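Step one of this worksheet: look at the structure below.
Here, each number is a calculation from the coordinates, and none is a lab measurement. The model shown is predicted, which means the values in this text are computed figures rather than measured ones. Reconstructed Cβ throughout: ideal geometry from the backbone, glycine too, with neighbour counts over all protein chains shown.
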Amino acid sequence: MPGKGIGYGKTILFGEHFVVYGLPAVAAAIADKTIATVEAGKSGKGIEFIDNRPEVLGYKETKKDEIKAELKAIIEHLKIDTAKTPLKITLTGDLECASGMGASAALASSVARALNEHFKLGFDDERINEIAFIAETAGSGTPSGIDNTCATYGGMIIFEKNLAGGKNKIELLKVKKPLHIVLASTGITQETKNVVAEVKRRKEKEPQKYGRIFSDYRKILNDALVALENGDAEKTGELMYLNQDLLREMSLSCPEIERIILVARENGALGAKLTGTGRGGTVICLAQDAKAQRKIAKAIEAAGFGTHMTKIGAMA
Ligand code: MEV
């Protein structure tokens, strides 16, 4: 019987990169998802992989080694002998593959779920998340685990990586009002592991500067948690701009990101920042309401960038 599984895309509201070093981050799954289907393949074919996910031009080509490594890691971890048990894995769904959307984690989670169903392995969400993390590690080096956690569980979370290797802290965040979000694509695809490694190099080279940046981030995050819990979108937005200032200082921005942020700001965005890896990828913009959201998206589109409107965070 074919197995099916889903993995959600995600957006990080606060704390990408900081999260790699054990600081808390806030992220939310978005409704867009990747759907994996696993069925018996043709004998002698090993794995037949069909990737029908929508993409930002060039994403799959740039990420082909990462995608291969993820699949290989899952298959090996589950000790599936594809010479004996050939598989056909097909990916579909409405999550557009673009840097910053959590597409690689959505792939991992959806494939783990589909294999679980196909082989009737009886895994729970925790085990699926663990497998997705193993795949993410094979694909992108030293992930914090935030992406696969969003991809697997959905919802809005506070995520804190356990640097000692134990269980990560995951707390469901209840916000008073759902947030209206515009996700804008720079069209640039980045390899997360390279960007994470570059931040590490810079952090080691300039410990004082990064020490200050990290402590500034902590303050931003503490204020953000209060703002989110109170449903204070204005304050949340203000703090997103401040988080972006730090990310820019860490050399994670680029002209396209800054252009989108400027257009969003000029068109009433309460906040905007890069989300995910940076140096391209996706920008998250916070709007006051649905009307403001449409206005921001239209202006960004007019500036030549793709957009996607969504809402995150459930009513408390
Ligand atoms: C990528 O979506 C977020 C990063 O913080 C890396 C990670 O947490 O694994 C850049």
#### Entry: Values of log10 I(q)/I(0), in the order q = 0.11, 0.15 Å⁻¹, for the chain under a Debye, Cα-only, solvent-free model
-0.64, -1.16
### Query
What whole number of Å gives the distance from the Cα centroid of region 1-69 to the Cα centroid of region 238-253?
26 Å
### Query
Cross-link list Lys63/Lys219; Lys45/Lys120; Lys64/Lys295; Lys63/Lys84: which exceed 32 angstrom alpha carbon to alpha carbon?
Lys63/Lys219; Lys64/Lys295
### Summary
Using alpha-carbon positions, the gyration tensor of region 3-172 gives root eigenvalues a ≥ b ≥ c; with a/c under 1.5 called rounded, otherwise prolate if a/b exceeds b/c, else oblate, the class is prolate
### Sorted peptide list for 231-240, 103-112, criterion being average Cβ within 10 angstrom, highest first
103-112, 231-240
### Query
How high is the relative contact order of region 181-289, in percent, with contacts defined as C-alpha pairs under 8 Å that are six or more residues apart?
41 percent
### Task
Report, in deg cm²/dmol and to the nearest 500, the calculated mean residue ellipticity at 222 nm for the chain, where each DSSP H run with n ≥ 4 adds -39500 (n - 2.57) and the sum is divided by the residue count.
-14000 deg cm²/dmol
### Task
Evaluate the relative contact order of the chain (contact order divided by residue number), counting alpha-carbon pairs under 8 angstrom at least 6 apart; express in whole percent.
23 percent
